[in-house]
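Undergrad: Below you'll find the structure I mean.
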Amino acid sequence: VMPYTIASPYGDDDPVAGAPFTAGRATVDYLGRRLVHGAAAGPTARLELRLLLGSALAARSAVVRRPFAEVLAVPVAEPVADAVRCELLDTVLATEGDPEVLTAVVERLAGHCAAERPARARTVLARAAAGLPDADALLVRCAGRSAEFALLLAQWPDGGWPVPPGGPRLDRMRELTAAGRDPQDAAAEAGRGPERAAEGRETGHTPGPGRGPGAADENDRGAVRTPAGAAPPPVVRATRLPVPKQGQAHGTL
């Protein structure tokens with residue numbers, strides 16, 4: 001099913017374009033209430049919601065379009081209203097190219113992944129990730145925060161459509177999951193980045209959050225590190241100093 005391409009029905013007098021921070025927010029709230037309460041059935045209701053969305057898509061600012069994308073990325077309980085929501089979200093994804101808006105779609109979907117059908121969630125993720133230059137880092141970061149989202153990425157079917165998003169962090173996450181790690185834990189480790197993961201494998205421990213390569217542990221401060229392959233430094237033994245006996249002055253042995 002091809003998504004609808006909608007132009008603003010108001011032309012130059014579009015209230016959303018004229019007052020993006022007031023009329024836009026009011027329209028988003030109205031759209032969200034219509035979907036949540038299931039008041040989206042019937043051709044008249046669908047047409048109204050498409051026209052509302054058309055006003056948002058015609059806006060030049062991503063600040064206006066982002067709230068619409070966030071509302072449409074969250075599943076609703078009523079099946080008919082949810083079908084309309086999916087249709088409108090497909091319309092957004094067909095024309096949206098701003099990373100700020102696409103990031104909002106991914107983050108909202110990750111936070112409500114348990115309520116979305118897995119096949120539908122993968123379709124949305126594949127389309128949004130295609131327009132994100134940092135999709136690899138974003139998806140792994142979201143998976144580290146949501147167990148359901150991590151499981152969705154880890155159980156992505158092979159050889160089917162859509163093709164799963166790729167990248168060094170996602171590849172590392174899948175490697176760890178295949179080795180028996182919990183998907184969310186695997187995402188948290190993979191999210192630290194290839195360089196820090198490699199450091200952890202070489203030193204035998206994994207750097208904590210916020211620590212880059214070469215950062216020292218609390219207990220390592222002041223310790224002398226021996227380069228790999230070098231001989232250990234000689235052991236310096238303490239030497240006892242002579243202590244004068246009672247009645248002797250210092251310097252008298």
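Derivation of every value follows stated rules applied to the coordinates shown; laboratory data play no part. Keep in mind the model is a prediction, meaning the values are calculated, not measured. Heads up, the Cβs are rebuilt from the backbone with ideal geometry, glycines too, and the neighbour counts pull from every protein chain shown.
Undergrad: Given R₀ = 30 Å, FRET efficiency for Asp29-Gln155 by Cβ-Cβ distance, to 0.05?
TA: Once the sixth-power term is evaluated, E becomes 0.30.
Undergrad: Would any residue of region 158-194 have its amide N under 18 Å from a label point 7 Å out along Cα→Cβ of Ala114? List them or say none.
TA: Output list for this probe position: 183-185.
Undergrad: Okay, moving on. Between Ala45 and Thr123, what is the label-point separation in nm under the 7 Å Cα-to-beta-carbon projection?
TA: 2.1 nm
Undergrad: Would you please give the FRET efficiency between Asp185 and Arg60, computed as 1/(1 + (r/R0)^6) with r the Cβ-Cβ distance and R0 = 30 Å, to the nearest 0.05?
TA: The pair Asp185/Arg60 has a calculated efficiency of 0.10.
Undergrad: On to the next question. Over region 76-135, what relative contact order in percent results from Cα pairs under 8 Å that are six or more residues apart?
TA: 38 percent
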